[in-house]
Amino acid sequence: MILSLLFQILILPLQSKTLQMEYQVTIKEILSRVLRIESPSAKEAEERVRELYRNEEIVLDYSDLSFFDVFTDVKEERITPYYSSKERDFTILHGDTFELLPQFNFHFDMIFADPPYFLSNDGISIQAGKIVSVNKGEWDRGGTPEEINEFNKRWIGLCRDKLKDDGTIWISGTYHNIFSVANSLTELGFKILNVVTWAKTNPPPNISCRYFTYSTEFIIWARKSPKRSHHFNYELMKQLNDDKQMTDVWRLPAIAPWEKTCGKHPTQKPLALLTRIILASTDKNGWVLDPFAGSSTTGIAANLIGRRYLGIEREREFADIGRKRREEINNSRIYGDYRSKIKDIAKSEVSEPSCFACEEELFADLPF
């Protein structure tokens, strides 16, 4: 606090007794305080600070005791990417998506999310002919139904703020989490467009022989608002399906060995699946966000077809796999080889020319 004292001295005739002096004191207060506030936006952060002052009944303007206010200077903290490609078309942030998403202002054309399915229950499965545990990590262990619903509603709400008005979100899951995801989308104002069934052509066998073999996953496709139209490359999808309307059942294989050359994530999705999703709902140079990036399959698929990518990954091990995968396709031979292995890319070549970052057009860039 800076105090400025202005003394106005009234000179009185000298008397033998102690003189009483009158002083006029002007007090100017300049208060400066730094608070760290978690909030979806700068505006809401400011409102939360105001509420803190109201609750503490701190009066900052003495000219009107019935009114008080606080002047704020809200600044976005500078984020340092874990990795960014030379072309700035592939960026990974290392950290918690709940903490990082509120820290920057940018809007994406499309979001793909492969959130925890909460199926790590100490069971077993078969992988490459061997019996393995189904446990993926502590991040995949579920809580109560209420906790799972709250988790899904929180991250989907944060993603909604990062989506363009005509943008769409794709969220994968199984019966373990997909119903909670659907309810969260509806509660947050999304309009569900389709629930795509990914029918795996090479699923692992069911070793218990007490159920039908699990061979599908679901991918919900939703737009931001019921009243706003969304982007959909209908004609391209028809072209990829031999000039017939593409249905919501996609028969695609699980990941192949050539997709694991830099390491693998326990829930890694195949490039063929992400390529189709991105082709369906974005145009060249479009921006794609993945809030649970894993090994950045979303980013590799995006770059193979000329889109730009931001991924957020909490585990450094997986963020580093994503970096290695992106650096791997800097090799033009590997880049071309990957594109040749994905059928949708070959079929879309006429309307989707090969490019990393199609530089002839201006594009929005990330704020870090």
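The values are calculated or read from the model by the stated rules, or taken from the named source; none is laboratory data. Computed from a predicted model, the values in this text were never measured in an experiment. No Cβ is skipped: glycine too gets one built from the backbone with ideal geometry, and neighbour counts run over all protein chains shown. When the accessible area is computed, the model is the full protein with side chains, heavy atoms only, and any ligands, DNA or RNA have been set aside. Shrake-Rupley method; radii C 1.70, N 1.55, O 1.52, S 1.80 Å.
Name the residues in the stretch 324-351 that are buried (at least 20 other Cβ atoms within 10 Å of the Cβ) and of a type outside the set (Ser, Thr, Tyr), would you? Listed by number, the residues that qualify are Arg325, Arg326, Ile329, Ile342, Asp344, Ile345.
Determine, yes or no, whether Thr282 is within 21 Å of Trp198 (Cα to Cα), crowded, with 16+ Cβ neighbours inside 10 Å, touching a Pro at 6+ places or on another chain (Cβ under 8 Å) and modelled with pLDDT of 95 or more. No; evaluated as a whole, the condition is false for this residue.
Mind checking which residues of the stretch 191-211 are among the hydrophobic types (A, V, I, L, M, F, W, C), out of contact with any helix residue (DSSP H, G or I) (no Cβ under 7 Å at 6 or more places or on another chain) and at pLDDT 95 or above? Passing the criteria: Leu193, Val195, Val196, Ala199. If you go through the stretch 143-157 and keep only what is surrounded by fewer than 17 Cβ atoms within 10 Å (Cβ to Cβ) and not charged (D, E, K, R), you end up with Gly143, Thr144, Pro145, Gly157. Checking Leu289 against (1) in contact with a Pro (Cβ under 8 Å, 6 or more places away or on another chain); (2) in a strand (DSSP E or B); (3) under 29 Å from Tyr234 (Cβ atoms), only one condition comes out false. Which one? Among (1) in contact with a Pro (Cβ under 8 Å, 6 or more places away or on another chain); (2) in a strand (DSSP E or B); (3) under 29 Å from Tyr234 (Cβ atoms), Leu289 violates only (1). Checked against (1) open to solvent by 50 Å² or more (accessible area, probe 1.4 Å); (2) touching a strand residue (DSSP E or B) at 6+ places or on another chain (Cβ under 6 Å), Trp250 meets all criteria but (1). Restricting attention to the stretch 72-84, does a residue exist that is surrounded by 12 or more Cβ atoms within 10 Å (Cβ to Cβ), within 30 Å of Asn285 (Cα to Cα) and at pLDDT below 80? Within the stretch 72-84 (the criterion being surrounded by 12 or more Cβ atoms within 10 Å (Cβ to Cβ), within 30 Å of Asn285 (Cα to Cα) and at pLDDT below 80), the answer is yes, since at least one residue qualifies. For the stretch 352-368, the tally of residues that are modelled with pLDDT under 55 and surrounded by 16 or more Cβ atoms within 10 Å (Cβ to Cβ) stands at 1.
Just one residue in the set Ser225, Ser215, Ser229, Ser295 is polar (S, T, N, Q), in contact (Cβ under 8 Å) with a residue 12 or more places away in the chain and touching a helix residue (DSSP H, G or I) at 6+ places or on another chain (Cβ under 6 Å); that residue is Ser295. Which of the residues belonging to the stretch 291-317 are open to solvent by less than 20 Å² (accessible area, probe 1.4 Å) and farther than 23 Å from Ala364 by Cα? Within the stretch 291-317, Gly294, Ser295 meet the criteria. Kindly establish whether Glu187 is open to solvent by 30 Å² or more (accessible area, probe 1.4 Å) and modelled with pLDDT of 95 or more. Against the criterion (open to solvent by 30 Å² or more (accessible area, probe 1.4 Å) and modelled with pLDDT of 95 or more), Glu187 qualifies.
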